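Peer 1: Questions regarding the structure given below will be posed in turn.
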Amino acid sequence: MNLKTLASLSFVAALSTAAFAQVSNFDTLNGYASGVDVRLARARAEMLRAGRAEGESNLVVSADYINRKVDAAVDSIERSAHGESGRVGYNWRFNEWSVGAAIGYGNIRTDYNEINSPAPVPLHGYVTATSTEGIVWVGYKSGAWRFSAVGAVGTTKNKGRRTSDAGSSFADYDSSDSSFGLTLSREIPVSDALVVEPFVGLSFASSSTDGFTEQGTSPDRRIVRDFSMDENRGAIGVRVAGRQSDWTPFASVAWLSRFSGGDSNISNTASNGSNLGVGFVPAASKGLVFVGAGLSGKLDDNWNVAGTIEYFAGGDERAFGLSLTVGRKF
C-alpha cells in the first residue's frame, strides 16, 4: 500500500469519525433538551385556559395530565413524555374583573430513543423534571368583549440519564422557567342557549438551564454549558358554548403558529476538556392544530367544577391533555 492510498484512507476515516461524533453529540444534547421543551409546550394550554371573568370568588384546586410524543422526522431521536401537575389557589371576583393566584407542583418524565442507529446499543435515556411554580391570572369582561391573561414563574429539578454501547452517564441540573399568555375574544350570541366566541391569543415561554457535568461509566461523558430554550406562539380560533341549566358544555378549535424561538444551540466539551462544538436542537413543530372540549357547572351553591380534554397536533409532535378544576365558595 503506497503512501497516497494510506493518506486517502486516513482522510476518509477521519471524516467518518467526525461525522459520527457530530451525530452522537447532536443526539445527546437533544435527549437532555427534550426534558425542557415539554415544559415549554405546556404554556400553550395555559394560554387557552387563561382565567375567565365570570369566575366566582372561591378556592381553586386543579390537576392536569399531559402525554406528548415527538417522532424522529427532524432528527434521529424519538421522544415521549407524560406527567401530571396540580395547583392550589384563590380566585377573587370584582365586578367585571376576576383575579387569582396559585402555587403549583409538577412532575414529567421524558424518554428518548435513537432511531435507525448502527450502534450495537442505540442511544437511549430519560429525563425526569420536578417543578414548583407560582401562577397569577386576570380576566376582564366588558359587554361582549373578554380579556384574559396568565403568567407563571418557577424552578425545575432535572435528572437525566443516557445509555449507549459506550456505557451510561447521568446528570442533575436545574432550570428556571417562565411563561405568559393572553387572549382577547368577543361573544356572538347565536341563540338563547348557544354562543360563538372568536379569539386571538399570544403565548410566551422560556427556560434557562444551568450547565452540568455528567457522571457515570461512559468514557464520553459531557460537560454541558448553560443553555436556554424558548417558544413564542400566536393563536387564532373559536370557542362555542351552550348553556343547559347550571351546566355549560364548550368546545374550541384553534391554529397556533410559532413566530420565534423553538430552535436552540447547546455547546459542550468532553470530560477530558476536548471541545465538541455546538449542537443544534430543532423545534418539533412550527404550526399546531388545537382541538378541545369540556364541561363546566355547579354541583350546588358552593361547589363548581370544570373539566377539559385537549389535543395538539402538528409537525413531528402530538400532545394529549386532561384538566380538572374544582372550586369551593366560602
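The values are calculated or read from the model by the stated rules, or taken from the named source; none is laboratory data. Not measured: the values here are computed from a predicted model. We place every Cβ from the backbone using ideal geometry, glycine too, and count neighbours over all the protein chains shown. Note: accessible area is taken over every heavy atom of the protein model, side chains too, but ligands, DNA and RNA are not part of it. Shrake-Rupley method; radii C 1.70, N 1.55, O 1.52, S 1.80 Å.
Peer 1: Just to be sure, is Val138 out of contact with any Pro (no Cβ under 8 Å at 6 or more places or on another chain) and farther than 22 Å from Tyr65 by Cβ?
Peer 2: yes
One line per residue, one yes/no per condition, for (1) closer than 15 Å to Arg68 by Cβ; (2) touching a helix residue (DSSP H, G or I) at 6+ places or on another chain (Cβ under 9 Å):
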site: Ala254; (1), (2): no, yes
site: Ser257; (1), (2): no, no
site: Ser264; (1), (2): no, yes
site: Ser271; (1), (2): no, no
site: Val281; (1), (2): no, yes
site: Gly314; (1), (2): yes, no
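Peer 1: Further question on the same structure: Within region 172-218, count every residue that is closer than 30 Å to Pro249 by Cβ, open to solvent by 50 Å² or more (accessible area, probe 1.4 Å) and not in a strand (DSSP E or B).
Peer 2: Residues in region 172-218 being closer than 30 Å to Pro249 by Cβ, open to solvent by 50 Å² or more (accessible area, probe 1.4 Å) and not in a strand (DSSP E or B): 1 in total.
Peer 1: Another question, if that's okay. What are the residues in region 236-263 that are crowded, with 20+ Cβ neighbours inside 10 Å and modelled with pLDDT under 90, if any?
Peer 2: Residue satisfying the conditions is Gly262 alone.
Peer 1: Within region 58-73, can one find any residue that is part of a strand (DSSP E or B), open to solvent by 30 Å² or more (accessible area, probe 1.4 Å) and either at positive phi or among the small types (Gly, Ala, Ser) (or both)?
Peer 2: yes
Peer 1: Within region 268-293, how many residues are in a strand (DSSP E or B), open to solvent by 20 Å² or more (accessible area, probe 1.4 Å) and closer than 27 Å to Ser203 by Cα?
Peer 2: Selection size over region 268-293: 4.
Peer 1: Next question, about the same structure. Looking only at region 142-163, which residues are touching a helix residue (DSSP H, G or I) at 6+ places or on another chain (Cβ under 8 Å), open to solvent by 10 Å² or more (accessible area, probe 1.4 Å) and farther than 21 Å from Ala251 by Cβ?
Peer 2: Listed by number, the list holds a single entry, Ala152.
Peer 1: From the list Arg221, Arg233, pick out the single residue that is surrounded by 15 or more Cβ atoms within 10 Å (Cβ to Cβ), modelled with pLDDT of 90 or more and of a type outside the set (A, V, I, L, M, F, W, C).
Peer 2: Numbers: Arg221 fails: modelled with pLDDT of 90 or more.
Of the residues listed, the single one that is surrounded by 15 or more Cβ atoms within 10 Å (Cβ to Cβ), modelled with pLDDT of 90 or more and of a type outside the set (A, V, I, L, M, F, W, C) is Arg233.
Peer 1: Please count how many residues of region 298-315 are open to solvent by 90 Å² or more (accessible area, probe 1.4 Å), touching a strand residue (DSSP E or B) at 6+ places or on another chain (Cβ under 9 Å) and closer than 14 Å to Gly327 by Cβ.
Peer 2: 2
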